[in-house]
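Take a look at the structure below.
The values are calculated or read from the model by the stated rules, or taken from the named source; none is laboratory data. Since the structure is predicted, the reported quantities are computational estimates derived from the model, not experimental observations. Quick reminder, even Gly has a Cβ in these numbers, built from the backbone with ideal geometry, and neighbours come from all protein chains shown. To get the accessible areas, we keep the full protein, side chains included, count just its heavy atoms, and leave off ligands, DNA and RNA. Shrake-Rupley method; radii C 1.70, N 1.55, O 1.52, S 1.80 Å.
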Amino acid sequence: MGLSKKTFLYSIMLAVLMVSLVVGYFAFMLPSLYVDYVKKDNLNSIAAIQEGYMKTKSYKELMVKNPTGTFSVEIPDRGEKIYAASKFFQMSIEIKDEELKEILDSFRKYGNNPEKWKEMEEDFSKEELIDKWNVIKEKLLAEGSKTEEALLEVKIDTQDNEQIYKEEYRKRHMLSDSLIVYENGVSDGNNVYITYLAIGKTEDSLVISVLPVMAPKMNDLFPVLMGSLPMIVALVFFLVLVASGEFSKRIVNPIIRLAGYAEHAKAVESFHIEPFVPEGNDEIGALGRTLNELYEKLQDNLVELEEKNRMLEEENERQEVFLRASSHQLKTPIAAALLLVEGMMNEVGKYKNTKEYLPKVKEQLWSMRKIVEDILYLNHCADSLQIEPVSLRELTEEAAAAYRVQAAEKKLSIEIEGMGTVHTDREILKKIIDNLISNAVQYTPEGEKICMSLADNMFRIENYGVRIEEQLLPNICKPFVSSNTKQKGKGLGLYVVSYYNRLLGGKLRVENLEKGVLAQLTFPCM
């Protein structure tokens, strides 16, 4: 099952669980809680009425839930009068019959001592109470006004019920052609009392029915709901916690395992790790399998890369050995040729009368020796760099001094302007500047000038009276590329400059000027 379906199923199950909880609460718990609340409220109401009447002996200021059915009876400790009161009346009853007085006195002796009320329940059995009530009923129902006047003297003071009931309303419900119901409602400010009057017509008569009821109040449910709220919240929290724990176990835990596996793979020094074992066929399982395939491919690429690096190291070593051997073999005949040329120039033996050509041979030999030195110097390792502040002025003057004689022979003017400092390897930078000055002296025509400008992290050299062929400019820094057609194929100067300039992190720019050639070095600021 896919992850989206699992999440959807989890949401459905949680929704069903919550709905079941709410339905169960309203169907089973709320009615019993409401009934219990109403019973307690009624008990509190009768207690409040009793306490209020005991203090004021009146109903005027009392809040009564059911004014039509609520009243209080007061039996004084002495005398033959008893009193009754409600929202609608106040009544006094004077008992004149001796037998009724005796019955009243039998109850009155317990009223003087509330601790004996329980004894009254034990003293009067159910049959005794029924007998006493039958006596009272027979006397009250005796025929003749004289008998009634002899028994009791009643005085009633009625109250205006319009001050009690307010907000009257009337509705009519036409339920069928032969049945109509009138609904009349009044409120006492606390409860709503509704009287239904149904009128129906049969074939031979008119039927009328009356139903008085008290309407339930919405406010009665609020305390019940608020009292149940902590329990509902706790139960919902518990159910959500259990459901989320199960959801986490089935969905989130595999993601945590997958993240832990990725962290472990990142921490190991190689990709030789145990594969991740996914659980299930959902998106997380697919991700785990894809991750395994990725690590396997990376491991294969790493092995292949290590093999290529090993082969490259072997090839570099072979080239270095070859270059060293080649340069060593070249230096011996060059040294011998130089000795012979010196003999010719000094007219030693058979080498007399060759002065016209010997300087050119010597120049070629020096050029070959410089090529050999450039090849050897290419093996300077980047790991041996010694970065330090270097004075460009001092280094340039030192490199230019080596070419004063050659410049004088060609009547070249060499100018150095400015000061500058660069943080770099001094020996490599000296080699770079040396090659640039060497190229400038070699290719600048007689009588021209060479200008060098210095600044922090920048070196410029301009030689006039010469130009580089436009087709050579893009490849001027490649090995054995030269603008001197007579010595074509022997140019390593700019290749060495470009190589070591990249090693030092600088930039090289070579371009033609209006009357010469510009080479500019720019180094990064430290």
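For region 189-273, which GluC sites (Glu not before Pro) are in a loop by DSSP, counting at most 12 other Cβ atoms within 10 Å? Could you put the intermediate results ahead of the total?
Values: sites: 203, 246, 263, 269; in loops: 203, 269.
Counting only loop positions with at most 12 other Cβ atoms within 10 Å, the GluC sites (Glu not before Pro) in region 189-273 are 203, 269.
Given the pairs 60/81; 57/81; 81/137; 60/96, which are separated by over 25 angstrom at their Cα positions?
Details: 60/81 22 Å; 57/81 15 Å; 81/137 18 Å; 60/96 30 Å.
From 60/81; 57/81; 81/137; 60/96, over 25 Å: 60/96.
For region 196-252, run through the trypsin sites (Lys or Arg not before Pro) and keep only the ones in DSSP coil with at most 15 other Cβ atoms within 10 Å of their Cβ.
Details: sites: 201, 217, 249, 250; in loops: 217.
Passing both the DSSP loop test and the Cβ count: 217.
Take each of the peptides 423-432, 15-24, average the number of other beta-carbon atoms within 10 Å over its residues, and list them starting from the highest.
Numbers: 423-432: 19.8, 15-24: 11.7.
Highest-to-lowest ranking by the protection proxy: 423-432, 15-24.
Quick one: 3J(HN,Hα) in Hz for region 235-250, Karplus 6.51/-1.76/1.60 with θ = phi - 60°, rounded, Gly and Pro as x.
Each residue of region 235-250 in turn: 5, 4, 4, 5, 5, 5, 5, 5, 5, 5, x, 5, 4, 5, 4, 8 Hz.
Which net charge results for the neighbourhood of residue 219, defined as the other residues with beta-carbon distances under 13 angstrom from its beta-carbon, given Lys and Arg at +1 and Asp and Glu at -1?
Details: positive: 65, 217; negative: 41, 220.
It works out to a net charge of 0.
From the protein chains alone at 1.4 Å, what is the descending order of accessible area for 220, 157, largest first?
Numbers: 220 25, 157 85 Å².
So, going from the largest accessible area down, we get 157, 220.
Excluding ligands, DNA and RNA, what is the solvent-accessible area per residue of region 21-87 at a probe of 1.4 Å, expressed in Å²?
With the other protein chains kept in place, region 21-87 gives 68 Å² per residue.
Which ³J(HN,Hα) values, rounded to whole Hz and listed in residue order, are derived for region 74-86 from phi using the Karplus coefficients 6.51, -1.76 and 1.60 in 6.51 cos²θ - 1.76 cosθ + 1.60 with θ = phi - 60°, glycine and proline given as x?
10, 10, x, 5, 10, x, 10, 9, 10, 10, 9, 8, 8
Each residue of region 515-522 in turn: what ³J(HN,Hα) in whole Hz from Karplus with 6.51, -1.76, 1.60 and θ = phi - 60°, glycine and Pro shown as x?
Values per residue, Gly and Pro as x: 10, x, 10, 10, 10, 10, 10, 10 Hz.
In region 1-90, carbon and sulfur make up what percent of the accessible area (probe 1.4 Å)? Walk me through the numbers on the way to the answer.
Values: 4060 of 6170 Å².
So the carbon and sulfur contribution to the accessible surface is 66 percent.
If you take the alpha carbon radius of gyration of region 182-231 and divide it by 2.2 N^0.38 Å, what ratio comes out, to two decimals? Mind showing how you got there, number by number?
Working: Rg = 18.0 Å, N = 50, 2.2 N^0.38 = 9.7 Å.
Compactness ratio reported: 1.85.
Taking 22 Å as the cut-off for C-alpha to C-alpha distance, list the pairs among 39/217; 430/515; 449/478; 431/507 that go past it. Let's see the in-between values first.
Numbers: 39/217 14 Å; 430/515 27 Å; 449/478 26 Å; 431/507 16 Å.
From the list (39/217; 430/515; 449/478; 431/507), the Cα-Cα distance tops 22 Å for 430/515; 449/478.
Could you report the accessible area of residue 213 in Å², rounded to 10, computed with a 1.4 Å probe on the protein chains as they sit in the structure?
Taking all protein chains as shown, residue 213 has close to 50 Å².
Under the Kirkwood approximation applied to all pairs of distinct alpha-carbon atoms, what is the hydrodynamic radius of region 1-73 in Å? Don't skip to the end; give the middle numbers.
On the way: mean 1/r = 0.0606 Å⁻¹.
About 16.5 Å, per the Kirkwood formula over Cα pairs.
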